[in-house]
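Novice: Quick one: the structure is below, questions incoming.
The values are calculated or read from the model by the stated rules, or taken from the named source; none is laboratory data. Treat the numbers as computed from the prediction; the structure is a model and nothing was measured. With ideal geometry, Cβ positions are generated from the backbone for all residues, glycine too; neighbour counts draw on all protein chains shown.
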Amino acid sequence: MYQFKIIEVEDGGYRFELGAIKIYVDGFNRKDELHFLKTPRKAIGYFNIDGNIYGISNDPLNVVTVEAFYDSMNSQYSMFSKKDNNSLRHTA
């Protein structure tokens, strides 16, 4: 089970945080240690690497749990954060 920090957002919805990844959802239901998204296509997430913000929408993925969306984002984060991956870094 993921140890998300879950914060209720003033404008409505919730922010799930785990490590560098933040996920915003409009609502969720918890069942069997999973967080099922109220409206999966509205979920968005982001992470910040070296001052660059990378955002990902769940609309094309349409996964139904925060955990599945986090896994997808985590694979993207791993790819972008590799220090030895020069093809993804801009060099002046």
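Novice: Inspect the range 36-51 for any residue being surrounded by 15 or more Cβ atoms within 10 Å (Cβ to Cβ) and more than 13 Å from the chain's Cα centre (by Cα) and give the result as yes or no.
Specialist: Yes: the range 36-51 contains one or more residues that are surrounded by 15 or more Cβ atoms within 10 Å (Cβ to Cβ) and more than 13 Å from the chain's Cα centre (by Cα).
Novice: Need a quick list: strands (runs of 3 or more DSSP E) entirely within the range 1-75 having at least 2 residues that are modelled with pLDDT under 95.
Specialist: 44-49, 52-57
Novice: In the list T65, T39, which residue meets the criterion of being out of contact with any strand residue (DSSP E or B) (no Cβ under 6 Å at 6 or more places or on another chain) and hydroxyl-bearing (S, T, Y)?
Specialist: Among T65, T39, only T39 is out of contact with any strand residue (DSSP E or B) (no Cβ under 6 Å at 6 or more places or on another chain) and hydroxyl-bearing (S, T, Y).
Novice: Please work out if Y24 is in contact (Cβ under 8 Å) with a residue 60 or more places away in the chain and either touching a helix residue (DSSP H, G or I) at 6+ places or on another chain (Cβ under 8 Å) or hydroxyl-bearing (S, T, Y) (or both).
Specialist: no
Novice: What residue, among those in the range 1-35 that are of a type in the set (V, I, T) and over 19 Å from S75 (Cα atoms), is surrounded by the fewest Cβ atoms within 10 Å (Cβ to Cβ)? Before you say what the answer is, go through the steps one by one.
Specialist: First, the residues of the range 1-35 that are of a type in the set (V, I, T): 6-7, 9, 21, 23, 25.
Adding the requirement that they be over 19 Å from S75 (Cα atoms) leaves 6-7, 9, 25.
Values: I6: 15, I7: 13, V9: 11, V25: 24.
Among them, the one singled out is V9.
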